[in-house]
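What follows is a short report on a single structure.
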Amino acid sequence: MDILSLKNIAKLLSLLGIAVSLFFQLPILTGIIYQESIVAFLLFDLIFFSVNLLIFLLLYKHRLVLRVKDAILAVNLIWILLGIAGAIPLLLYTDITFADGFFEAISGFTTTGATIYSDIESLPKHILLLRSLMHWIGGIGIIVVGVGLFSLINPTGSMALFKAESTGVKMEKMTPKIKDTAIKIAAVYLFLTLLDMFLLKVEGMDFFDALNHAFSTISTGGFSTKNNSMAYWGENAAILWTTTLFMFLSGINFLAHLKLFNGDESGFKTEEVKWYVIAFLGLGLLLTFDHMAGSTAGFFPSATHAFFTISSVLTTTGFASLDYAQWGSGAIVLIFLSMFIGGNAGSTAGGFKVSRLVVLSKNINLQVQKLLHPKAITSLYMDGNRITYDVLAVISGFAFLYALTNMAVTGYLFSRGYDAMTAVSAAVATVGNIGPGFSHVGPVENYHFFSGMDKIVLSFAMIMGRLEFYTVVLLFSGAFWRRF
């Protein structure tokens with residue numbers, strides 16, 4: 001790596017570090033409000049801020065021009081350094097190992113929501129807010145925030161960074177400068193967060209719980225302030241339906257929300273949104289009737305928990321309103337199916353993404369038609385736009401890497417002696433950034449029992465899922481290093 005790349009990456013990471021250290025002031029303020037000891041946290045954040053500021057000042061006159069290699073390396077380093085930075089406050093205030101802290105921080109920033117804590121309610125208030133805040137920062141996307149921030153320095157560099165983080169997903173530019181789009185998306189994100197928090201407060205949560213759960217909901221993260229997650233408010237239908245709605249909205253492409261704020265409804269009329277709604281309603285109704293058949297609950301309470309669960313899993317949020325693992329085999333099948341769907345591209349949700357499933361399904365139909373009519377000239381279209389071979393190749397490659405990564409993580413966990421359901425669901429839940437799975441990682445369980453090495457492996461599984469594989473796989477390609 002040449003000196004120019006080192007300077008580019010160092011300056012970019014220092015800017016991000018400064019931004020994160022400023023965000024960390026919120027948990028510190030929380031500690032002050034609740035009269036908790038925050039001296040160690042404050043000292044860490046001061047050192048963290050000072051180091052990043054010093055690096056930035058040393059490179060102040062260096063013109064940041066991100067090349068492809070710089071962007072790819074920076075994106076991978078960002079998540080690792082975020083995991084370390086987020087882990088340190090957890091290590092300072094809770095009795096955990098570094099592997100535990102790294103796992104929890106990565107789970108936070110990638111909006112996975114898998115936790116190693118058994119007694120969440122015993123954690124200090126500022127640590128609870130830190131966990132939710134990591135979700136919120138990760139949800140808006142460290143890289144999307146970076147697009148707005150770094151484009152002030154160099155527009156080409158910011159675009160390179162965005163492409164590195166979202167391989168295979170095209171961002172529609174609604175404004176002449178991408179930083180303007182990023183700023184507007186952030187504004188929509190903040191608005192939805194505040195609206196969700198207000199409604200939760202009105203419906204019965206106290207301010208602290210409402211703020212934390214709004215952070216976790218809009219980011220589709222899933223960290224809660226309660227040991228039994230949203231089941232703590234399981235009898236409050238208003239809270240559950242409000243959270244269901246905002247999880248569902250957060251699973252939709254945020255450009256659609258941005259368009260709606262500009263009076264344009266077209267973002268909600270895409271094929272991806274249509275199939276997303278169909279999946280949500282279909283799976284929700286099936287789970288409702290399945291729950292009614294296996295219990296004495298009526299339609300409304302069954303629908304409340306069923307649609308909450310489907311919304312939580314489909315959007316990869318990971319909240320639980322009850323232990324759905326006890327609903328029976330039919331429910332497990334429906335919930336497991338939801339885990340493989342995910343939300344929309346351009347949303348805070350993880351998973352495979354509905355758009356990719358739509359394209360692959362259309363391709364299967366296209367291949368069948370070609371077999372039936374070999375001489376017919378056929379093409380793939382989505383929302384009236386032709387899907388090129390290059391796009392189809394990227395999506396097909398993504399599907400292969402998604403399956404391969406899940407199999408590799410499953411194989412690793414199974415070889416470590418965990419049962420099949422734990423191994424499979426833990427792999428799917430971490431690679432898909434979902435959080436809870438089944439068996440030992442079910443909705444009322446946690447990830448504490450895994451060994452330190454297991455947690456590191458699962459942490460990198462979460463990072464790969466968040467970066468959607470290509471950006472990580474590129475690092476292992478000799479051609480990447482030779483070409484760039």
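The values are calculated or read from the model by the stated rules, or taken from the named source; none is laboratory data. Since the structure is predicted, the reported quantities are computational estimates derived from the model, not experimental observations. Glycine gets a Cβ as well: all are built from the backbone with ideal geometry, and neighbour counts include every protein chain shown.
Please list, ordered by first then second residue, the pairs with beta carbon atoms under 8 Å, 6 or more apart or interchain, first in segment 360-377 and under 16 Å from Leu392 (Cα atoms), second aliphatic (A, V, I, L, M) and assigned to a helix (DSSP H, G or I).
Short answer, once both residue conditions are applied: Leu360/Ile395; Leu360/Ala399; Asn363/Leu392.
Which residue out of Phe469, Phe449 is without any contact (Cβ under 8 Å) to a residue 24 or more places away in the chain and either within 19 Å of the chain's Cα centre (by Cα) or under 29 Å from Leu322 (Cα atoms) (or both)?
Every option except Phe449 fails the conditions.
For the structure I just gave you, tell me whether Leu64 is over 30 Å from Phe207 (Cβ atoms), buried (at least 16 other Cβ atoms within 10 Å of the Cβ), at pLDDT below 95 and not hydroxyl-bearing (Ser, Thr, Tyr).
The answer is yes for Leu64.
Out of segment 260-284, which residues are surrounded by 15 or more Cβ atoms within 10 Å (Cβ to Cβ) and over 22 Å from Arg356 (Cα atoms)?
Leu260
For Phe299, state whether it is surrounded by fewer than 14 Cβ atoms within 10 Å (Cβ to Cβ) and in contact with a Ser or Thr (Cβ under 8 Å, 6 or more places away or on another chain).
Spelling it out, Phe299 is indeed surrounded by fewer than 14 Cβ atoms within 10 Å (Cβ to Cβ) and in contact with a Ser or Thr (Cβ under 8 Å, 6 or more places away or on another chain).
Please go through (1) over 24 Å from Ala87 (Cβ atoms); (2) surrounded by 19 or more Cβ atoms within 10 Å (Cβ to Cβ) for Asn433 and return the number of the only condition it doesn't satisfy.
All conditions are met except number (1).
I'd like to check something: does segment 359-375 contain any residue that is at pLDDT 90 or above and buried (at least 20 other Cβ atoms within 10 Å of the Cβ)?
Yes: one or more hits.
Between a first residue in segment 406-422 that is charged (D, E, K, R) and a second residue that is at pLDDT 95 or above and surrounded by 15 or more Cβ atoms within 10 Å (Cβ to Cβ), which pairs have beta carbons less than 9 Å apart while being 6 or more apart in sequence or on different chains?
So the pair list comes out as Arg416/Ala423; Arg416/Phe450; Arg416/Asp454.
Between residues in segment 95-112 that are touching a residue at least 24 places away in the same chain (Cβ under 8 Å) and buried (at least 24 other Cβ atoms within 10 Å of the Cβ) and residues that are among the basic types (Lys, Arg) and in a helix (DSSP H, G or I), which pairs lie under 6 Å by C-beta distance while being six or more apart or on different chains?
These pairs meet every condition: Phe103/Lys455; Gly108/Arg131; Thr110/Arg466.
Could you grab me the full set of residues in segment 113-124 that are assigned to a helix (DSSP H, G or I) and touching a residue at least 12 places away in the same chain (Cβ under 8 Å)?
Selection gives Ile120, Glu121.
Here is a list of conditions, (1) under 26 Å from the mean Cα position of the chain (by Cα); (2) not aliphatic (A, V, I, L, M); (3) not in a loop (DSSP other than H, G, I, E, B), and Thr348 meets all of them except one; can you say which number that is?
Condition not satisfied by Thr348: (3).
Of the residues Ser37, Ser5, Ser50, only one is of a type in the set (Gly, Ala, Ser), over 25 Å from Ile456 (Cβ atoms) and surrounded by 16 or more Cβ atoms within 10 Å (Cβ to Cβ); which?
Values: Ser37 fails: surrounded by 16 or more Cβ atoms within 10 Å (Cβ to Cβ); Ser50 fails: surrounded by 16 or more Cβ atoms within 10 Å (Cβ to Cβ).
Exactly one of Ser37, Ser5, Ser50 is of a type in the set (Gly, Ala, Ser), over 25 Å from Ile456 (Cβ atoms) and surrounded by 16 or more Cβ atoms within 10 Å (Cβ to Cβ), namely Ser5.
Go through Gly397, Gly330 for me and flag whichever is in contact (Cβ under 8 Å) with a residue 24 or more places away in the chain, surrounded by fewer than 21 Cβ atoms within 10 Å (Cβ to Cβ) and touching a helix residue (DSSP H, G or I) at 6+ places or on another chain (Cβ under 6 Å).
Only one candidate passes the filter, namely Gly330.
Provide a single number: the residues in segment 244-297 that are in a loop (DSSP other than H, G, I, E, B), in contact (Cβ under 8 Å) with a residue 40 or more places away in the chain and of a type in the set (Gly, Ala, Ser).
1
Within segment 413-430, track down each residue that is of a type in the set (A, V, I, L, M) and buried (at least 19 other Cβ atoms within 10 Å of the Cβ). Spell out the reasoning first.
Filtering segment 413-430 for residues of a type in the set (A, V, I, L, M) gives 413, 420-421, 423-424, 426-429.
If the condition is that a residue be of a type in the set (A, V, I, L, M) and buried (at least 19 other Cβ atoms within 10 Å of the Cβ), then Leu413, Ala423, Val424, Ala426, Ala427, Val428, Ala429 are the ones that fit.
Considering only segment 1-20, I want to know if a residue exists there that is of a type in the set (Val, Ile, Thr), in contact (Cβ under 8 Å) with a residue 60 or more places away in the chain and farther than 20 Å from Phe223 by Cβ.
yes
In segment 204-223, what residues are outside any helix (DSSP H, G or I) and crowded, with 24+ Cβ neighbours inside 10 Å?
Once the filter is applied, which keeps residues that are outside any helix (DSSP H, G or I) and crowded, with 24+ Cβ neighbours inside 10 Å, segment 204-223 yields Ser219, Thr220, Gly221, Gly222, Phe223.
Here is a check on your reading of the model: is Ala426 touching a Leu at 6+ places or on another chain (Cβ under 7 Å) and at pLDDT 95 or above? So that I can check it myself, show each step before the final result.
Numbers: touching a Leu at 6+ places or on another chain (Cβ under 7 Å): yes; at pLDDT 95 or above: yes.
Taking the combined requirement at face value, the residue satisfies it.
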